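Structure below; questions to follow.
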Amino acid sequence: MEFLALLHADEDVWERMSDAEREAAYEQYGEFTQAVRAAGVYVSGNELGPTSSATTVRVREGRQLVTDGPYAEVKEALGGYYLLDCASLEDALDWAARIPAASHGAVEVRPVYVDQEA
Amino acid sequence: MQYALLVYSDQSSWAELDADEAARRRAEAMPRWLAVFDEIGKADPDYSARELEAASEAKVVRIVDGERVVTDGPFAETKEQIGGFFLATLPDLDEAIRLASLVPASEYGSMEIRPIVER
Amino acid sequence: MTSAVEATFREEWPRAVAILTRVLGDLALAEDAVQDAFAKAIERWPRDGEPRSPGAWIVATARNGAIDRLRREQTFARKAELIARLQEMPAEEDADVSAIPDERLALLFTCCHPALGVEARVALTLREVAGLATPEIARAFLVPERTLAQRLVRAKRRVRETGIPFRVPPDHLLPERVPDVLRVLYLVFNEGYAATAGDALVRRDLCAEAIRLAKLLCVLMPDEPEAFGLLALLLLQDSRRDARIGRDGELVLLADQDRSLWDRAAIDEGLRVLRHAEALRRPGPYQLQAAIAAGHAEGTDPRLIADVYAALERLDPSPIVTLNRAVAIALAGDVPGGLALLDGVEGLDTYSYLHSARADLLRRLGRTEEAAASYREALALTDNAPERRFLERRLRELGRGGR
């Protein structure tokens, strides 16, 4: 069963980190990625550009509205995700807890929709 | 450049829909969604996409004082929630905007485009 | 720096930035290279004389400087590729600059891209396309230089990070992108024409800059009637700059202006440009607004002006257009009609002018109490000193002192 782990963390904190601190964080993520790969549950994962690089698009009354910035300004912004294929929700939550973002921010776990008819 | 196209919409009315109504709406919207997959596929044959279960099914995991804490519901208390995403390699932002505006949710919700950080 | 050299700089800056951006694929890198080249020019031209082809000199110097800098960079990712592209550029210092494709239009569209915030678009356009220095732009917008500098840094970073392409949009996108450019130019003009804060009602330099950019756009897009429409509008509005403020710094309404102070040359030019636009037979909102401004300049019957507003409203409906139409209808003699239209306008509750317009119509209908209330609301919503003095004076005239 696939689950999407959405990583939320304070962007200001990330901004203020030293290069060394950031390298250390990336190493931790690297370790997590290795672990989920080794366990055979890793499908994909990506770091998203910061909210300052987000663009929001809406279409209203046939007009395209493009705005700079994310859909919503949230204190702990969405910064990345992992797509995991786990045996159960419990497993997914176990893995989510090991993602570094769970310690400095939060990880939202969402079951992926599967079309029952398919 | 790789882009994530995040699909946001107001899911508050989903809980009120019975299974038949939900299925009917899905069938009705399907042709447009299929057209989107088609267009994105032309732009990037290796694109990926996922639809997500309702945000009400979400769980939020945090480590607080060394302990795992799990709460029910989505992370952010926002009107619109993520309902899915697309991931594609596209030539530029204009192309990402074009594809995002083809997604039906752009008409009743919002599409958020983020570049993927390549390391 | 002499004003002749300054003029050369302003002319050559956007050209050089545009060319280097095309080659390097990065606006920030391009700007750095051109900045260095200009620094060298300031040093050498007084000593060695201005080169025969200043533009080519700047481009060649920027190119060489960029190559040197890239070579010194150890870890720059695309170093080899960028050096190769720079080396392919023509390097003669006296090359015919007109032989190099004019990338300024691509630069303008990039700076005005809808994915950038409006403030970022304005700042970037003034810096890269108008060639204004950061302190100049900061002064014009009454923000600290540091704030403006940060805004520019973030804007350039956003252009790179989001993947905004450096190009003139393809034809099918132009209908939505051209208005984005026009809007930025109009914002620049308005900032100069009716400053939103502070004492100066008219900041002449910004108006002149907006007109200059609008002319450039017309040169670069000769088949785009709305570019001419905008230029006509700016020229016609600008023609009134000396009549808008009274001797004591007071705001003077159009109807009360001393027409001998209107710049007739600007009016004539504006009317010529408008006729050129209309000959292209593709009406648009800026052409209509220019027609309204022309109507004011030529003393056209207010009812005809109200009709043009109606046309504008059909083409480009917005509460502000409705507001202006309401004012025009009242000016044409139907004050109750204008007021009724105003009362239906939505979304402008924080717009000072809505309240002052309503106040004026109520005043003319003798509804003094309501007029006073509206003048007070208008006052609460504007920092502009001449506008405030005008509103306070109106309140006094009603016999109701203002705050």
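Would you mind stating whether A:Ala35 is more than 7 Å from every other protein chain (Cβ to nearest Cβ), surrounded by fewer than 20 Cβ atoms within 10 Å (Cβ to Cβ) and either under 14 Å from the mean Cα position of the chain (by Cα) or aliphatic (A, V, I, L, M) (or both)? Don't jump to the end; show me each part of the working.
Numbers: more than 7 Å from every other protein chain (Cβ to nearest Cβ): yes; surrounded by fewer than 20 Cβ atoms within 10 Å (Cβ to Cβ): yes; either under 14 Å from the mean Cα position of the chain (by Cα) or aliphatic (A, V, I, L, M) (or both): yes.
Yes; evaluated as a whole, the condition is true for this residue.
Looking only at residues that are within 13 Å of the chain's Cα centre (by Cα) and more than 14 Å from C:Leu124 (Cα to Cα) in region C:173-182, which one is surrounded by the fewest Cβ atoms within 10 Å (Cβ to Cβ)? Working first, answer last.
If we filter region C:173-182 for residues that are within 13 Å of the chain's Cα centre (by Cα), which is where we start, we get C:179-182.
Subsequent filtering for residues that are more than 14 Å from C:Leu124 (Cα to Cα) retains C:179, C:182.
Numbers: C:Pro179: 19, C:Leu182: 23.
Selected residue: C:Pro179.
A further question follows. Out of all the residues in region A:1-26, which are more than 12 Å from chain B (Cβ to nearest Cβ), more than 16 Å from the chain's Cα centre (by Cα) and either within 17 Å of A:Asp94 (Cβ to Cβ) or not β-branched (Val, Ile, Thr) (or both)?
Result: A:Asp12, A:Glu15, A:Arg16, A:Met17, A:Ser18, A:Asp19, A:Ala20, A:Glu21, A:Ala24.
Report the residue count in region B:86-97 for those that are away from chain C (no Cβ under 14 Å) and among the hydroxyl-bearing types (Ser, Thr, Tyr). Explain how you work it out, then say what you get.
We begin by selecting, within region B:86-97, every residue away from chain C (no Cβ under 14 Å); these are B:86-87.
Adding the requirement that they be among the hydroxyl-bearing types (Ser, Thr, Tyr) leaves none.
Final tally of qualifying residues: 0.
Among the residues of region B:66-85, what is the count of those that are part of a strand (DSSP E or B) and either over 21 Å from A:Ala92 (Cα atoms) or facing chain A (nearest Cβ under 10 Å) (or both)? Spell out the reasoning first.
Start the filter on region B:66-85 by keeping residues that are part of a strand (DSSP E or B), which leaves B:67-72, B:80-85.
Narrowing the set further to residues that are either over 21 Å from A:Ala92 (Cα atoms) or facing chain A (nearest Cβ under 10 Å) (or both) leaves B:67-71, B:80-85.
Residues that pass the stated criteria total 11.
Let me ask something else about it. Does region C:64-76 hold any residues that are part of a loop (DSSP other than H, G, I, E, B) and within 37 Å of the chain's Cα centre (by Cα), and which are they?
Let us first name the residues in region C:64-76 that are part of a loop (DSSP other than H, G, I, E, B), namely C:73-76.
Residue satisfying the conditions is C:Phe76 alone.
Considering only region C:312-369, state which residues are in contact (Cβ under 8 Å) with a residue 24 or more places away in the chain, small (Gly, Ala, Ser) and part of a helix (DSSP H, G or I).
Residues satisfying the conditions are C:Ala326, C:Ala328, C:Ala330, C:Ser352, C:Ser356, C:Ala357, C:Ala359.
Restricting attention to region A:66-82, and to residues there that are surrounded by fewer than 17 Cβ atoms within 10 Å (Cβ to Cβ) and modelled with pLDDT under 95, which single residue is nearest to the other protein chains (Cβ to nearest Cβ)?
My answer is A:Val74.
Something else about it: Please go through region C:175-189 and give me each residue that is in contact with a helix residue (DSSP H, G or I) (Cβ under 9 Å, 6 or more places away or on another chain) and within 14 Å of chain B (Cβ to nearest Cβ), ordered by number. Give the steps one after another, and end with the answer.
Filtering region C:175-189 down to residues in contact with a helix residue (DSSP H, G or I) (Cβ under 9 Å, 6 or more places away or on another chain) leaves C:177-189.
C:Arg177, C:Asp180, listed by residue number.
Further question on the same structure: For B:Ala100, are the conditions met, namely being within 14 Å of chain C (Cβ to nearest Cβ) and not in a strand (DSSP E or B)?
Values: within 14 Å of chain C (Cβ to nearest Cβ): yes; not in a strand (DSSP E or B): yes.
When the stated conditions are applied, B:Ala100 passes them.
Another one. Going through region B:48-65 one residue at a time, which ones are part of a loop (DSSP other than H, G, I, E, B) and either more than 9 Å from chain A (Cβ to nearest Cβ) or in contact (Cβ under 8 Å) with a residue 40 or more places away in the chain (or both)? Give the derivation first.
Taking region B:48-65 first, the residues part of a loop (DSSP other than H, G, I, E, B) are B:53-54, B:58, B:65.
B:Ala54, B:Asp65 - these are the residues of region B:48-65 that are part of a loop (DSSP other than H, G, I, E, B) and either more than 9 Å from chain A (Cβ to nearest Cβ) or in contact (Cβ under 8 Å) with a residue 40 or more places away in the chain (or both).
Name every residue in region C:9-29 that is of a type outside the set (Asp, Glu), surrounded by fewer than 20 Cβ atoms within 10 Å (Cβ to Cβ) and over 19 Å from the mean Cα position of the chain (by Cα), in order of residue number. Quick ask: steps written out before the conclusion?
First pass over region C:9-29, keeping only residues of a type outside the set (Asp, Glu): C:9-10, C:13-25, C:27-29.
Within this subset, residues satisfying the condition of being surrounded by fewer than 20 Cβ atoms within 10 Å (Cβ to Cβ) are C:9-10, C:22, C:25, C:28.
C:Phe9, C:Arg22, C:Gly25, C:Ala28 - these are the residues of region C:9-29 that are of a type outside the set (Asp, Glu), surrounded by fewer than 20 Cβ atoms within 10 Å (Cβ to Cβ) and over 19 Å from the mean Cα position of the chain (by Cα).
Need at least 3 residues that are within 14 Å of chain B (Cβ to nearest Cβ), in contact with a Leu (Cβ under 7 Å, 6 or more places away or on another chain) and surrounded by 22 or more Cβ atoms within 10 Å (Cβ to Cβ) per element, so show me which helices (runs of 4 or more DSSP H) inside region C:79-171 make the cut, counting only ones lying wholly within it. Break it down stepwise before answering.
Working: elements: C:79-88, C:104-111, C:118-124, C:134-140, C:145-162.
Once the helices (runs of 4 or more DSSP H) in region C:79-171 are filtered for at least 3 residues that are within 14 Å of chain B (Cβ to nearest Cβ), in contact with a Leu (Cβ under 7 Å, 6 or more places away or on another chain) and surrounded by 22 or more Cβ atoms within 10 Å (Cβ to Cβ), what remains is C:145-162.
Against the definition (without any contact (Cβ under 8 Å) to a residue 24 or more places away in the chain and of a type in the set (Asp, Glu)), how does C:Asp238 come out, yes or no?
Details: without any contact (Cβ under 8 Å) to a residue 24 or more places away in the chain: no; of a type in the set (Asp, Glu): yes.
Here the answer is no, as C:Asp238 does not meet what is asked.
Which condition breaks for B:Glu112 when tested against (1) away from chain C (no Cβ under 14 Å); (2) touching a residue at least 24 places away in the same chain (Cβ under 8 Å); (3) acidic (Asp, Glu); (4) within 29 Å of A:His104 (Cβ to Cβ)?
(1)
Quick check on region B:102-114. Is at least one of its residues crowded, with 21+ Cβ neighbours inside 10 Å and of a type in the set (Asp, Glu)?
Yes: region B:102-114 contains one or more residues that are crowded, with 21+ Cβ neighbours inside 10 Å and of a type in the set (Asp, Glu).
Please indicate, with yes or no, whether at least one residue in region A:93-113 is within 14 Å of chain C (Cβ to nearest Cβ) and at pLDDT below 95. Give the steps one after another, and end with the answer.
Taking region A:93-113 as the starting set, the residues that turn out to be within 14 Å of chain C (Cβ to nearest Cβ) are none.
No, there is no match, as no residue in region A:93-113 is within 14 Å of chain C (Cβ to nearest Cβ) and at pLDDT below 95.
Residue under question is C:Ala227, and the condition is that it be in a helix (DSSP H, G or I), under 26 Å from C:Asp205 (Cβ atoms), more than 17 Å from the chain's Cα centre (by Cα) and not basic (Lys, Arg); does it hold?
Details: in a helix (DSSP H, G or I): yes; under 26 Å from C:Asp205 (Cβ atoms): yes; more than 17 Å from the chain's Cα centre (by Cα): no; not basic (Lys, Arg): yes.
Criteria not met by C:Ala227.
The values are calculated or read from the model by the stated rules, or taken from the named source; none is laboratory data. Not measured: the values here are computed from a predicted model. A quick note on method: Cβ atoms are made from the backbone with ideal geometry, for glycine too, and the neighbour counts reach across all protein chains shown.
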